[in-house]
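> The structure that follows is given in the form of structure tokens.
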Amino acid sequence: MRYIILLTWALFCLAPVLWFLSIGFRPRTEIITPQPIYFPTFSLDAWQMIWHDWPMASYLRNSVLAIIGSVVIDLVLAIPAAYSLARYSYRGRDDIGFYILSTRMMAPAIVAIPIFFLFRNLGLLDTVWALMLVFAAVNLSLVTWIIRSYMLDLPHEIEDAARTDGASDLSILVLIIIPVCAPGIITASVIAAIFAINEFFFTLLIASTQNSYTLSVALANFTGGSDGIIYNAIALVAFLAFAPVFLLVLAIQHHLSRGLTMGAVKG
Amino acid sequence: MNQSAISGNRVRRRPLWRRKLFPYLLVAPAVIYLMAITLYPGVYAIYQSLFFVRFNEWTFVGLENYRELFADADFWASLWNTFVIGGIALTIEFVVALSLAVLCYRDKFIRGWRIIFLVPMLFMPSAVSYIWKLAFNDGRVISDLLTRLGLIDARLDFLGNVDLARLSLIVTDVWQWTPFLFIIFVGALQGQDAEIEEAARLDGASWWSLFWNISLPIMRPIIAVALILRAIDITTMFASVFIITGGTPGGTTETISYFIYRMGFKTFNFGYASAASFVVLVATIIIAQLFVKRFFHSGKD
């Protein structure tokens, strides 16, 4: 009984994925038909199409640049912040921590219009730099909180010992704390990268032309005028983005529940 | 400070104010960055909401945008839609995820394969929206499968009917994000003490009483955190609305995010959209202060 329930859900998870994969490798004519076709003819039309009809290389480059750039910005800002929140006690600390957390709750739509005008005035609209800055802001709260949670676990003796040896606070952070917290930092980076790949709303507003499309938004423009939506190309790009995400998640599997709850689960 | 003091014991001799300032300096860059991207837009939205904006021409209208907004049936409808669609989706996701987690968390075999349960979560939301747009609508797969099972006679029009349009958004969300709750719950259940469980089982406790009396109380703060995070993301639901329904039929699937987007970037009524943003922002802050603060404090340490 247990296995039947689990198997049913596994099927519900996988069947749409396999079917969508089959969409990616079938000709256009077999996608939107009066009767759905479950066993299509194999075709690489869409594969040719995504590389020839669209600047796929530029979409990929934009995605990679925006993601890596945003994660780097996040780490530079979040590691010191997390260290401060986890290892010091001072007035206002909890309020500062909560403020950082609360930005995670902000709906993108609330800040969308001012941010649109901000980047327009800075002349950054439709650039990958703007995407980088926005993705970093979106993920900063969760990166900070995840790393903070890992830093909270460390015993205080670590710093005390180093301090009696005369190490400065900054060198303690760089030489001792960061290496010990590497799993937390990696988990936070992976989750931030995934969220950046997924980001849709801001990218839609900021990337007004193909110049700065990422994969996530490029999908929504795979329409061929009167041809309608080009599903087989969409499917292939979906799997193109899925593959690295899948590998990253496999690598951090055991830290995933902790990362996704921003440190609340110590699983 | 002289040379010998620096080379001697730097930490001890450093002036008190500098030591007190240090943690603030560490956290400051992150806070300033976030303020630039949240506080500045907040102030900007309040200011802009007092104007009627047409291209680069701003006309001061006072609170007119707010008066209009509170009388706008579309605005209230979008809040209601967000609540209905999000509420149903979140309930289903919670029940399914918790049940699956309880069924498999001590099972070594399934634990090895649990990545399968995570697969939907690993696709981009825009891609997932197209999967279900094709399945429900353009490709008519769901209709076809239901017909084959003998459940319906004619093709269903998933965009033409209020309930069916909402259902397609709910299914899309449930499919993609149940794994999010599932993996968190599995992590929480695995984290609990296996020995206590074993002892209770030897005492003859049924799995239900084990779950109800031991697991659930331990998990309560984690459940709260997980549901809060999921609820935040559901209320900001956008990609699936944008791609699958576009708010049809008759605006009944328009969420609050889509409403603000439509007002700002389709009708270019920026002042009005800013007024709506500000109202939602105030609501968010109130909710955050009331609920989130409490649960995240109990969730730490």
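The values are calculated or read from the model by the stated rules, or taken from the named source; none is laboratory data. Values in this document were obtained by computation on a predicted structure and should not be read as measured data. Here the Cβ positions follow ideal geometry from the backbone for every residue, glycine too, while neighbour counts run over all protein chains shown.
> State yes or no: is A:A130 closer than 20 Å to A:V72 by Cβ, in the same structural domain as A:H255 (by TED's automatic domain parsing), buried (at least 24 other Cβ atoms within 10 Å of the Cβ) and aliphatic (A, V, I, L, M)?
Criteria met by A:A130.
> Checking A:F42 against (1) over 30 Å from A:S189 (Cβ atoms); (2) modelled with pLDDT under 90; (3) assigned to a loop (DSSP other than H, G, I, E, B), which test does it fail?
(2)
> For residues that are aliphatic (A, V, I, L, M) and out of contact with any helix residue (DSSP H, G or I) (no Cβ under 6 Å at 6 or more places or on another chain), scanning just the stretch B:215-230, find the one that is modelled with the lowest pLDDT.
Within the stretch B:215-230, the match that is modelled with the lowest pLDDT is B:I218.
> Count, please, the residues in the stretch A:78-97 that happen to be over 22 Å from the mean Cα position of the chain (by Cα) and within 7 Å of chain B (Cβ to nearest Cβ).
6
> Answer yes or no: is there a residue in the stretch B:253-268 that is outside any helix (DSSP H, G or I) and in contact with a strand residue (DSSP E or B) (Cβ under 9 Å, 6 or more places away or on another chain).
Yes: one or more hits.
> Oh, and also: For the subset of the stretch A:1-39 comprising residues that are part of a helix (DSSP H, G or I) and farther than 30 Å from B:I110 by Cβ, which member is nearest to the other protein chains (Cβ to nearest Cβ)?
A:E30
Every residue, every condition in (1) within 30 Å of A:I197 (Cβ to Cβ); (2) without any contact (Cβ under 8 Å) to a residue 12 or more places away in the chain; (3) assigned by TED's automatic domain parsing to the domain that holds B:L290; (4) small (G, A, S), yes or no:
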{"position": "B:V119", "(1), (2), (3), (4)": "yes, no, yes, no"}
{"position": "B:A135", "(1), (2), (3), (4)": "yes, yes, yes, yes"}
{"position": "B:D138", "(1), (2), (3), (4)": "yes, yes, yes, no"}
{"position": "B:R155", "(1), (2), (3), (4)": "no, no, yes, no"}
{"position": "B:L159", "(1), (2), (3), (4)": "yes, no, yes, no"}
{"position": "B:V162", "(1), (2), (3), (4)": "no, no, yes, no"}
{"position": "B:T172", "(1), (2), (3), (4)": "yes, no, yes, no"}
{"position": "B:I214", "(1), (2), (3), (4)": "no, no, yes, no"}
{"position": "B:I222", "(1), (2), (3), (4)": "yes, no, yes, no"}
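> Here is a follow-up. Being in a helix (DSSP H, G or I), among the aliphatic types (A, V, I, L, M) and touching a residue at least 40 places away in the same chain (Cβ under 8 Å) narrows it down to one of A:A161, A:A188, so name that one.
That would be A:A188, the only listed residue that is in a helix (DSSP H, G or I), among the aliphatic types (A, V, I, L, M) and touching a residue at least 40 places away in the same chain (Cβ under 8 Å).
> So, in the stretch B:43-101, of the ones that are hydrophobic (A, V, I, L, M, F, W, C) and within 11 Å of chain A (Cβ to nearest Cβ), which residue ends up nearest to B:V186 (Cα to Cα)?
B:A101
> Filter the stretch B:103-119 down to the residues that are out of contact with any Asp or Glu (no Cβ under 9 Å at 6 or more places or on another chain) and more than 7 Å from every other protein chain (Cβ to nearest Cβ) and list them by number.
Scanning the stretch B:103-119 gives B:Y105, B:D107, B:K108, B:F109, B:R111, B:G112, B:W113, B:R114.
> Please work out which one of (1) of a type outside the set (G, A, S); (2) more than 8 Å from every other protein chain (Cβ to nearest Cβ); (3) in contact with a Phe, Trp or Tyr (Cβ under 8 Å, 6 or more places away or on another chain) is the condition A:D153 fails and give its number.
(3)
> Which residues, taken from the stretch B:188-212, are small (G, A, S) and closer than 11 Å to B:V102 by Cα?
The one that is small (G, A, S) and closer than 11 Å to B:V102 by Cα: B:A188.
> Here's a check for you: in the stretch A:112-128, which residue that is assigned to a helix (DSSP H, G or I) and either without any contact (Cβ under 8 Å) to a residue 12 or more places away in the chain or basic (K, R) (or both) is farthest from B:A276 (Cα to Cα)?
Restricting to residues being assigned to a helix (DSSP H, G or I) and either without any contact (Cβ under 8 Å) to a residue 12 or more places away in the chain or basic (K, R) (or both), the top hit is A:L122.
> Another question, if that's okay. Would you mind finding the one in B:I243, B:I232 that is surrounded by 19 or more Cβ atoms within 10 Å (Cβ to Cβ) and either within 9 Å of chain A (Cβ to nearest Cβ) or touching a Cys at 6+ places or on another chain (Cβ under 9 Å) (or both)?
Residue meeting the stated conditions: B:I243.
> Please go through the stretch A:98-127 and give me each residue that is more than 7 Å from every other protein chain (Cβ to nearest Cβ) and polar (S, T, N, Q), ordered by number.
Of everything in the stretch A:98-127, those that are more than 7 Å from every other protein chain (Cβ to nearest Cβ) and polar (S, T, N, Q) turn out to be A:N121, A:T127.
> Find all pairs meeting these conditions: Cβ atoms under 6 angstrom apart; at least six residues apart or on different chains; first residue within the stretch B:274-299 and within 8 Å of another protein chain (Cβ to nearest Cβ); second residue modelled with pLDDT under 80.
Close Cβ pairs satisfying both conditions: B:G299/A:A264.
> Still on this model: What's the total number of residues in the stretch A:88-111 that are among the basic types (K, R) and not in a helix (DSSP H, G or I)?
1
> Given the options A:A196, A:A161, A:A167, name the one that is surrounded by 22 or more Cβ atoms within 10 Å (Cβ to Cβ), within 14 Å of chain B (Cβ to nearest Cβ), among the small types (G, A, S) and on the phi < 0 side of the Ramachandran plot.
Answer to the selection: A:A196.
> If you don't mind, another one. Return yes when A:A218 is in a helix (DSSP H, G or I) and buried (at least 19 other Cβ atoms within 10 Å of the Cβ) and no when it is not.
yes
> What residue, of A:L65, A:L101, A:L77, is assigned by TED's automatic domain parsing to the domain that holds A:N198 and within 22 Å of B:A288 (Cα to Cα)?
A:L101
> Can you pull out every residue in the stretch B:101-119 that is assigned to a helix (DSSP H, G or I) and more than 21 Å from the chain's Cα centre (by Cα)?
Correct list: B:V102, B:L103, B:C104, B:K108, B:F109, B:I110, B:R111, B:G112, B:W113, B:I115, B:I116.
> Which members of the stretch A:218-262 meet the condition of being within 7 Å of chain B (Cβ to nearest Cβ), in contact (Cβ under 8 Å) with a residue 12 or more places away in the chain and within 23 Å of A:I67 (Cα to Cα)?
A:L219, A:A220, A:I234, A:A238, A:A241, A:V245, A:V249, A:L256, A:R258, A:L260
> Filter the stretch B:17-30 down to the residues that are among the aliphatic types (A, V, I, L, M) and more than 7 Å from chain A (Cβ to nearest Cβ), then identify the one that is surrounded by the most Cβ atoms within 10 Å (Cβ to Cβ).
Per the criteria, the residue is B:A28.
> In the list B:Y33, B:Y40, which residue meets the criterion of being within 14 Å of chain A (Cβ to nearest Cβ), assigned to a helix (DSSP H, G or I), at pLDDT below 90 and surrounded by 14 or more Cβ atoms within 10 Å (Cβ to Cβ)?
Within the list B:Y33, B:Y40, the selection yields B:Y40.
> Which fully enclosed helices (runs of 4 or more DSSP H) of the stretch B:120-223 have 1 or more residues being over 23 Å from the mean Cα position of the chain (by Cα) and facing chain A (nearest Cβ under 9 Å)?
Result: B:141-148, B:162-191.
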